[in-house]
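Note sheet for the following structure.
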Amino acid sequence: MGLILTGVGVSKGIAIGNACVLNRDQFEINEYVLPKHLVAEEVARFRQALATAKKQLKEIHRKIPRNTPIDIASFLETHVLMLDDSALSDVPVRLIKSQQCNAAWALKQQRDALVGVFEAMDDPYLRTRKDDIDHVVHRILRILLNHAPQPFEASDNRLAGCVMVVGDLSPADSLLMHQQGIAAFVTESGGVTSHATILARSLGIPAVAGVRHARRDIPHNAVVVIDGQQGLVLVDPDEHALRYFRARQREEKRYVTQLAKLKDQPAVTRDGVTITLQANVELPDDLHALKRVGATGVGLYRTEFLFMNRAQLPNEDEQLHAYLHIVRGMKGAPITIRTLDLGADKMLNGYRIGMQGATNPALGLRAVRLCLKEPSLFRTQLRAILRASAHGAVRMMIPMLSAPHELAQVMHLVDQVKQELKEEGRKYDEKMPIGGMIEVPAAALMADVFARQLDFMSIGTNDLIQYALATDRIDEAVNYLYNPLHPGVLRLIDMTISAGREANTPVAMCGEMAGDKRYTRLLLGMGLNQFSMHPAMLLEIKSVVQASNLAELRKMARKVLRCSDPDEINALVDKMNA
Ligand code: PEP
Ligand code: MG
């Protein structure tokens, strides 16, 4: 048996191939002082390098296949925008002029300054955005220093079937590698939230990130096996291991082909109960993915992604346009647009509206609290959502409700906005359903009250678990406590479902738990009949629904709810899934 390396499994799937170890160019950048008469020429050379970098990115952008599952374009557009940003275009020019230095040195100084700012940020998502700066700077430096193109930049398929072993990857690089038909990625840096990781997941490329010294320990051309679920990299595996992983790979392929056949089938249990399976979307381009899996609607449209990673907030028309893209694309299916959930893990680009210095951002001014504090921001969105409701089955959903007075305030604003639109002669659906997310424990405990006031409720387990267990959802140090099967969490979910049933108010679930097949049967047994999840999970969940018998599950779910011992709960859930 060869070497086994471990990392974080960031994109599931088994891949077997020859390693292509890519060492990023190491730039030796020296400072040298230019004679005064050459400064203008150096500035021109820098500007030309910016223009070339932009042209390269636009060319890659042009080649993105139309059916690419997520908005890969937006990652590249971010990089193009960065090239235009004065931080990267003007500041280095000023440095070249003031210090009479070479362009590469000026750019390096500015890169170090910008990266320093990002590294000092608390937010892990923003901290990883320093990678974007590095990717863009790296591209400009390669041009300035006349480096030869990388193998993946060729327009042939020389990397087809290879497992790419890299230090770190830019979205543009990963896209080029994908176009060459690579089998998998192993990266030394990067985690679940890096752009390249998100891309790998949406392109279905197995990937393991955070494998320290991968480039040192994996010989170029060695046979490697990647298990993107477990985060394993086997180098030079023996025959026995190869046979095992080849069999698993075939099994996976068969499974994916089987699942694809479920796309147009209804989600009906063995005893004839229809379950609603909807999808969560974030970006307008997610529409392709929704169609590919036959989602019957959108249970959660996370609108904050329209606001993130940009300098200016989107205006009413831009928002309307983005909502209508999904509304029209889904041809009459219900679309649940969630009002802004900014704050905590979802920050604006380096700028935290109204929440500077919050010691506990997750408990601070986020989501509906922030919207109520910033009425002009909120009204703009309410107008856009209401206007979208004239064109399809739009529903509006409020995140992070913790007390009925927040709902009353939102309703008051909605009434005002409706009146405004009426006076302007603009169309909207007077009866647009308004629902709320149950993701704060107090809201779950008061679900009976909310159920009477809302048109629908949706359980946001990502936050509900975080708040119920006082466990930060993105802090790896306390990850082990984050448990959807904690009896306290299950009771809160049960209270919400029961309150909805009593009041005849539909209850859905749109947190990650809804898309994890380990919990599907338990939730069905608890009476949940609407699930909304990442589109990639929908067919898998449909297959579980189709193989389930509700009558049996109800009895077992009652047993689970009576349990307080975690081992016993796990054993019962395993039994339900057997
Ligand atoms: C949730 O909290 O479960 C949820 C769906 O919302 P988000 O993950 O966007 O906070
Ligand atoms: Mg949430």
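Nothing in this text is a laboratory measurement; each read-out follows from the coordinates by a stated rule. These numbers were taken from a predicted model, which means no experiment stands behind them. Here the Cβ is made from the backbone with ideal geometry for all residues, glycine too, and neighbour counts use every protein chain on show.
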> Which of Gln109, Met556, Val166 sits farthest toward the positive end of the charge dipole of the chain, with +1 on the Cβ of Lys and Arg and -1 on the Cβ of Asp and Glu?
Replying inline: Met556
> Could you list, bin by bin from short to long, the percent of Cα-Cα pairs of the stretch 36-144 in 10 Å steps?
Replying inline: 14, 42, 30, 12, 2, 0
> So what is the diffusion coefficient of the chain in µm² per second by Stokes-Einstein at 10 °C and 1.306 mPa s, using a Kirkwood Rh over Cα pairs?
Replying inline: 61 µm²/s
>> So for each of 222-228, 498-504 I average, over its residues, the number of other beta carbons within 10 Å; can you give me the resulting order with the highest mean first?
In response: 222-228, 498-504
> At a Förster distance of 41 Å, what's the computed FRET efficiency of Val223 paired with Met556, Cβ-Cβ distance as r, to 0.05?
Replying inline: 0.35
>> Taking R0 as 35 Å, what FRET efficiency do you get between Glu430 and Ser498 from their Cβ-Cβ distance, rounded to the nearest 0.05?
In response: 0.70
>> Just to be sure I understand the model, the point goes 7 Å from the Cα along the line to the Cβ. What's the resulting Gln416 to Thr52 distance in nm?
In response: 5.5 nm
>> With the cut-off at 24 Å, tell me which of the pairs Lys261/Lys555; Lys253/Lys542; Lys12/Lys261; Lys12/Lys331; Lys12/Lys263; Lys12/Lys555 have Cα atoms farther apart than that.
In response: Lys261/Lys555; Lys12/Lys331; Lys12/Lys555
> So for the pair Gln453, Ile4, with labels modelled 7 Å out along Cα→Cβ, what separation do we get in nm?
Replying inline: 5.4 nm
>> Using +1 at the C-beta of Lys and Arg and -1 at the C-beta of Asp and Glu, which of Pro151, His135, His37 has the Cα lying farthest in the positive direction of the dipole of the chain?
In response: Pro151
>> Among DSSP bridges having both ends in the chain, what percentage is antiparallel? Round to the nearest 5.
In response: 35 percent
>> Test of understanding: extend the Cα→C-beta vector of Ala403 to 7 Å, then name every residue of the stretch 425-465 with backbone N under 17 Å from that spot.
In response: 439-447, 449-450
> By how many nm would the segment from Phe27 to Lys97 grow when fully extended, if each residue of separation counts as 0.36 nm and the alpha-carbon distance is taken off?
Replying inline: 23.0 nm
>> I'd like the FRET efficiency for Leu242 and Asn577, computed as 1/(1 + (r/R0)^6) with the beta carbon distance as r and R0 of 41 Å, rounded to 0.05.
In response: 0.85
> Which value, in debye to the nearest 20, describes the size of the charge dipole of the chain about its Cα centre when Lys and Arg Cβ atoms bear +1, Asp and Glu Cβ atoms bear -1, and nothing else is charged?
Replying inline: 1300 debye
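Length gain on complete extension for the stretch Lys36 to Asp90, per 0.36 nm per residue less the alpha carbon to alpha carbon distance? Could the numbers behind the result be given before it?
Working: separation 54, 0.36 × 54 = 19.44 nm, distance 1.90 nm.
Value of the extension gain: 17.5 nm.
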> Lys pairs in the stretch 36-144, Cα-Cα under 17 Å, at least 8 apart or on separate chains: how many?
Replying inline: 5
